[in-house]
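Following this message is one structure expressed as C-alpha cells.
The values are calculated or read from the model by the stated rules, or taken from the named source; none is laboratory data. The structure presented is a predicted model; accordingly, all values stated were derived computationally and were not measured. Please note: Cβ atoms are built from the backbone with ideal geometry, for glycine as well, and neighbour counts cover all protein chains shown. SASA here: full protein model, heavy atoms, side chains in, ligands and nucleic acids out. Shrake-Rupley method; radii C 1.70, N 1.55, O 1.52, S 1.80 Å.
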Amino acid sequence: MFSKDTYIRRRAELKKLVGNGLVVLFGNNEAPANYPANAYAPMRQDSSFLYYFGQHRDGLVGVIDIDNDEETLFGDDIDVEDIVWMGYTPSVADLAAEVGVSRTAPMKMLSEACRNSIAAKRTVHFLPPYRHDTKIQIMDLLGIHPSQQKGAASLALIKAVVAMRSKKEPQEVEAIERACDVGYEMHTTAQRLIRPGVTERYIAGQVDGSARSLAQGVSFATIFTQHGEIMHGNPSDTPLEDGRLVICDAGCELDDYCSDNTRTMPVSGTFTQRQKEIYDIVKDCHDYVLHVAKPGVKYADVHFAVCRLMSQRLKELGLMRGDVDEAVRQGAHAMFLPHGLGHMMGMDVHDMEGLGQVYVGFDDETRPNLEQFGTNCLRMGRRLQEGFVVTDEPGIYFIPALIDEWRAKGHCKDFLNYDLLEQYKDFGGIRIEDDLLITADGCRFLGTKRIPYEG
C-alpha cells in the first residue's frame, strides 16, 4: 500500500476525468477452489479497486459520488467466528481511514445508493466485470443481465482508468523494479537446474517456489517447455532432452505489481549452429527496441521495425526471400512471429486487459488491424508516453501445423522458402522478453539485475 495521499489524489483525478455520476469499483471476493472453505490463496484483489482504494480485504466495494463529492467504502465487519479462524481484521472504518475515505456503510446499503442514483437519472459507472459473483452483484444492483454487462460498462470510466494507470508513477516503477529483481531469481533458478533428464514440471515448480518465497506469487501461470513453438506451453512431466531448446516465460507479483520475462536456453548448455543463428536474430531484435522505442513513437511502428529486421536476417539464412518491406506488408513474417512485440504491464501482467484491449493498447489515432494473421494479435500499438511500461518480447517459432497450412494454400509463397522450412519443423521456438520503461528521451529495461541472455 502507498501513502494515504496517493489514493486521495488518484480518486480526485478520477472524478475530474469521469465528470459526473456514481462510480462503483468492485473489490473481489474469495474464490473457492473446490468447496467454499477451500479458497485459492492468496486472494487476488481487483487491480482497479486497489489502485483507488488500496485495500486487499475481500468483500469491499468503493463508491465515488462525483456530483456530491462523497466517497464511501462499503463492506461488512467480520464477526468473532471469522476471527477465530482468520485472526483479527481491521474494521471497514479503519480500512477506509487508511486510504483517506471518511464514509463507510454496510454492504446492504449499496443497493440503496445505486437505486437513488438511478431514480435521479444519474449515470452509474462500472468497469467490465470478469468474475461471475461480481456479475451477479451488478445484476442485483442495476438490473443488467450478465450477458449485457460488458456492453453496459462505462466507457468514460474505462478511458479514465486507462489514462491514469497507463502512466506509472515513480513509486509504481520502483515496485515493478522490485518485482523484476524477483524475476531475476526465478529465471536464474531455472537456468541453474536445466540439464538433460530433469523434468519440465520440476524446474517450473522451483521457479514458482521462488515467486512464492520472495513475492506474493506468480503473475501468471509459468510457461516452461521444450515445445517453444507453443506460445503458452504448460510444463509437463517430460524430461529435458539433450539437443533441444527450452523456453521459460515467468514473472511474479510483488507489492501488487508484476514482472514478466522470458529466456530460451539449450538443454545441453550449448547452442547448435542452427539454434545459434536463430537465437542471435531474436536477441538482436530484442535489443533493437532499446534504440527505437521512445515517447511519441507508436509501438506498432516499433513492432514492424522489428519485423523488418527479423525478416532481413531470415532472408540471409534463406528462410525468407523477396522484398522485405513487401513481405512484412503482406504478413509473411507472421509465419515466424505470430504475436505482437509486447503489451502493457503493471498491476496486471497484461495490464488492464480486462478493460478492453482496444482501449488499453490502442486509441482513436491507432486502431487494431484484426484482418491480418499475426497483426491481429498486437496488444499494444498506440504512441508511447513517458511512464509507460511495456514488454519487449520478440520471438521466432517454427510451428509445423502453420507451415503445412500456409504451404498448402501457397500463402506468401513469394516470400517464404517452404522447402527449407520443412527442415525446421523439429526446431521449436525462441523468445526473449524483458520489461521496458519509457523514459523522457528513450527507454530502459527494468530490474537492477539483467537475467543472462547473451547466448
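Over the stretch 1-118, what is the relative contact order in whole percent, taking alpha-carbon pairs under 8 Å and six or more residues apart? All intermediate terms of the calculation are to be shown ahead of the outcome.
On the way: 168 pairs, mean separation 31.5, N = 118.
Across the stretch 1-118, relative contact order equals 27 percent.
Under a straight-distance cross-link criterion of Cα-Cα below 16 Å, which lysines are reachable from residue 135, leaving out those fewer than 8 residues away in the same chain?
150
Can you tell me, using C-alpha contacts under 8 Å and at least 6 residues apart, the relative contact order of the chain as a whole percent?
Working: 875 pairs, mean separation 64.3, N = 455.
Across the chain, relative contact order equals 14 percent.
Scan [x] 69, 48, 41; [y] 78, 67, 39; [z] 58, 49, 37 for the value of Cα extents along the principal axes in Å calculated from this model and give just the label.
Identified label for the calculated read-out: [x].
With a sphere of radius 14 Å drawn around the Cβ of residue 154, what net charge do the other residues whose Cβ falls strictly inside it have (Lys, Arg +1; Asp, Glu -1)?
Details: positive: 15, 122, 150, 159; negative: none.
Around residue 154, the surrounding residues sum to +4.
Amide H to amide H under 5 Å from residue 125: which residues, 5+ apart in sequence or cross-chain, H placed 1.01 Å off N in plane?
Here 22, 23, 24 satisfy the definition.
Counting Lys and Arg as +1 and Asp and Glu as -1, what is the net charge of the other residues whose Cβ lies under 13 Å from the Cβ of residue 446?
Working: positive: 168, 178, 444, 449, 450; negative: 172, 174, 177, 181, 260, 392, 433, 434, 435.
Overall, the nearby charge balance is -4.
Could you state the angle between the C-alpha long axis of helix 110-119 and the longest principal axis of the C-alpha atoms of the chain, as a value from 0 to 90 degrees rounded to the nearest 10?
The answer is roughly 90 degrees.
Checking the cross-link filter: which lysines have an alpha carbon closer than 19 Å to that of residue 276, excluding same-chain neighbours under 8 positions apart?
The reachable lysines, counting only those whose Cα sits under 19 Å from residue 276, are 315, 425.
Roll a 1.4 Å probe over the protein heavy atoms and report the accessible area of residue 71 in Å², nearest 10.
Rounded to the nearest 10, the figure is 30 Å².
Extending each Cα 7 Å along its Cβ direction at residue 192 and residue 291, get the distance between those two points in nm, one decimal.
Simple spin-label model gives 3.6 nm for this pair.
So what's the net charge close to residue 217: Lys and Arg +1, Asp and Glu -1, counting the other residues with Cβ under 12 Å from its Cβ? Don't skip to the end; give the middle numbers.
Working: positive: 44, 212; negative: 208, 253, 256.
Residues close to residue 217 contribute a combined charge of -1.
If I ignore ligands, DNA and RNA and count only protein heavy atoms, how much of residue 236 is accessible to a 1.4 Å probe, in Å² to the nearest 10?
So the heavy atoms of residue 236 present about 40 Å² to solvent.
Same structure again: Using only helices, what value at 222 nm comes out for the chain when you add -39,500 (n - 2.57) per DSSP H run of length 4 or more and divide by the total residues, to the nearest 500 deg cm²/dmol? Before the final figure, lay out each step's value.
Values: 16 runs with 178 residues, N = 455.
Counting only the DSSP helices, I get -12000 deg cm²/dmol.
Also: Suppose R0 equals 41 Å. What FRET efficiency, 1/(1 + (r/R0)^6) with r the Cβ-Cβ distance, do residue 115 and residue 444 give to the nearest 0.05?
Computed FRET efficiency for residue 115 and residue 444 comes out at 0.25.
For residue 167, list the lysines whose Cα falls under 23 Å from its own Cα; do not include residues on the same chain fewer than 8 positions away.
4, 15, 16, 159, 294, 298
State in Å² the accessible area per residue of the chain; use a 1.4 Å probe, count heavy atoms of protein chains only, and round to the nearest integer. Mind showing how you got there, number by number?
Details: 19780 Å² over 455 residues.
Result: 43 Å² per residue.
Rounded, prolate or oblate: which fits the stretch 59-153, taking a ≥ b ≥ c as square roots of the Cα gyration tensor eigenvalues, rounded meaning a/c under 1.5, else prolate when a/b beats b/c?
Here the stretch 59-153 falls in the oblate category.
Right, here's the next one. Ordering 367, 44 by accessible area with a probe of 1.4 Å, largest first, what comes out? Please list the in-between numbers first.
Details: 367 130, 44 70 Å².
In descending accessible area the options line up as 367, 44.
Further, regarding this structure: For the pair residue 238 and residue 97, how long in nm is the line joining their label points, each one 7 Å along Cα→Cβ?
5.8 nm
When the label point is put 7 Å from the Cα of residue 31 along its Cα-to-beta-carbon vector, which residues of the stretch 45-89 have a backbone N closer than 11 Å?
Within reach of a label on residue 31, which here means backbone N under 11 Å from a point 7 Å along Cα→Cβ, the stretch 45-89 contributes 45-46.
Hey, another quick one. Compute the distance from the alpha-carbon center of the stretch 292-321 to that of the stretch 431-455, in whole Å.
Going from one Cα centre to the other spans 18 Å.
Just to confirm the number: angle between the C-alpha axis of helix 200-214 and the first principal axis of the chain, 0 to 90 degrees, nearest 10?
The two axes meet at around 40 degrees.
Let me ask something else about it. Dipole of the stretch 1-120 (Lys/Arg Cβ +1, Asp/Glu Cβ -1, origin at the Cα centre): which of 43, 2, 32 lies farthest to the positive side?
2
Related question: What are the residues whose amide H is under 5 Å from the amide H of residue 30, where those residues sit 5 or more places off or on another chain and H is modelled from the backbone?
Excluding prolines and chain starts, which carry no amide H, the hits are 59.
Using alpha-carbon positions, what is the distance between the centroids of the stretch 172-239 and the stretch 13-50, in Å?
Between the Cα centres of the stretch 172-239 and the stretch 13-50 lies a distance of 27 Å.
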